[in-house]
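Engineer: Dropping a structure here in structure tokens format, bear with me for questions.
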Amino acid sequence: DGGEGVLANESNSLWINDDNSVGFNSDHAIAGFQINIVGATVNGASGGAAEDAEFMISTSPTMVLGFSLSGAVIPAGSGVLFDLDLSGHITGLSGIVVSDASGNALDFTFSRRQSGN
């Protein structure tokens, strides 16, 4: 089920906020990510912890990719990973790939976030 339904404060999880931002909670520093967006077309992505860490953020109509050319990482913790500019209504995240500074995969799940949280 891809982790759907776990609480948004679950360790190593991603969720969708009401404002189309993607929230995260990570026990590890994040050096890169690739996330498929389900149900909507991606026009762009920016902001959040990814922009704070000076990540290069690239998008396609269905995917967001972020990493640092300088080796910077997003510190362990929680908050907004990035903000999405979308056409349509996002229904989920899939194909989640998150890596640490050594290129090792970090096991992340998608959790639905209740409206208003």
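The values are calculated or read from the model by the stated rules, or taken from the named source; none is laboratory data. Owing to the predicted nature of the structure, the values given are computational and were not obtained by experimental measurement. Here the Cβ positions follow ideal geometry from the backbone for every residue, glycine too, while neighbour counts run over all protein chains shown. Areas reflect the complete protein model, heavy atoms only, side chains present, ligands, DNA and RNA absent. Shrake-Rupley method; radii C 1.70, N 1.55, O 1.52, S 1.80 Å.
Engineer: Just give me the residues in region 19-37 being farther than 13 Å from Leu106 by Cβ, in a strand (DSSP E or B) and of a type outside the set (Ser, Thr, Tyr), in sequence order.
Structural biologist: If the condition is that a residue be farther than 13 Å from Leu106 by Cβ, in a strand (DSSP E or B) and of a type outside the set (Ser, Thr, Tyr), then Val22, Gly23, Asn36, Ile37 are the ones that fit.
Engineer: Here's a check for you: in region 82-117, which residue that is open to solvent by 80 Å² or more (accessible area, probe 1.4 Å) and among the polar types (S, T, N, Q) is modelled with the lowest pLDDT?
Structural biologist: Filtering first and then ranking leaves Asn117.
Engineer: Please pick out the residue among Asn25, Asn36, Asn43, Asn9 that is at pLDDT 95 or above and open to solvent by 60 Å² or more (accessible area, probe 1.4 Å).
Structural biologist: That would be Asn43, the only listed residue that is at pLDDT 95 or above and open to solvent by 60 Å² or more (accessible area, probe 1.4 Å).
Engineer: If Thr59 meets every condition in (1) without any contact (Cβ under 8 Å) to a residue 40 or more places away in the chain; (2) under 15 Å from Leu14 (Cα atoms) apart from one, which number is that one?
Structural biologist: (2)
Engineer: While we're on this one: Of Ala101, Ala40, which residue is over 13 Å from the mean Cα position of the chain (by Cα) and outside any strand (DSSP E or B)?
Structural biologist: Of the residues listed, the single one that is over 13 Å from the mean Cα position of the chain (by Cα) and outside any strand (DSSP E or B) is Ala101.
Engineer: Same structure again: Mind checking whether some residue in region 59-66 is in contact with a helix residue (DSSP H, G or I) (Cβ under 8 Å, 6 or more places away or on another chain) and either at positive phi or open to solvent by less than 30 Å² (accessible area, probe 1.4 Å) (or both)?
Structural biologist: Yes, that holds for at least one residue.
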